[in-house]
Amino acid sequence: MPRYYFMVAQAGCIAPFEGPVDAGFEFADVVAAKREASTALIEMASDGLPDPENSDLVIEVLDERYQTVFVARLIFEIEDHE
């Protein structure tokens with residue numbers, strides 16, 4: 001099965017990739033990796049947002065060659081209309 005690496009955003013930006021920090025995750029295909037990234041973003045948001053009025057949670061997913069396959073992003077924003 002293909003191996004994917006999840007890079008999580010730090011303060012709104014993804015740090016430059018300097019090699020895997022863990023062994024990565026094996027998924028049957030990219031669809032399964034997308035499903036897991038989506039679940040991870042939801043769990044991160046449920047743990048609390050860095051800014052309760054404007055937060056951008058991001059996971060960049062890399063393949064076995066450490067090339068970006070996709071970026072999953074969850075945006076929470078409150079717009080005042082006063």
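The values are calculated or read from the model by the stated rules, or taken from the named source; none is laboratory data. As the structure is a computational prediction, the values presented were derived from the model and not from experiment. Using ideal geometry, Cβ is built from the backbone for each residue, glycine included, and neighbour counts are taken over all protein chains shown.
Of the numbered conditions (1) out of contact with any Lys or Arg (no Cβ under 9 Å at 6 or more places or on another chain); (2) touching a residue at least 40 places away in the same chain (Cβ under 8 Å); (3) farther than 16 Å from residue 27 by Cα, residue 66 fails exactly one; give the number of that condition.
(3)
Do you know which of the residues in segment 10-61 that are of a type in the set (S, T, N, Q) and modelled with pLDDT under 85 is farthest from residue 76 (Cα to Cα)?
10
Hey, can you tell me all the residues within segment 50-65 that are more than 14 Å from the chain's Cα centre (by Cα) and farther than 15 Å from residue 6 by Cβ? Even if it seems obvious, please write down each step before you answer.
Going residue by residue through segment 50-65, those that are more than 14 Å from the chain's Cα centre (by Cα) are 50-54, 64-65.
Of everything in segment 50-65, those that are more than 14 Å from the chain's Cα centre (by Cα) and farther than 15 Å from residue 6 by Cβ turn out to be 50, 51, 52, 53, 54, 65.
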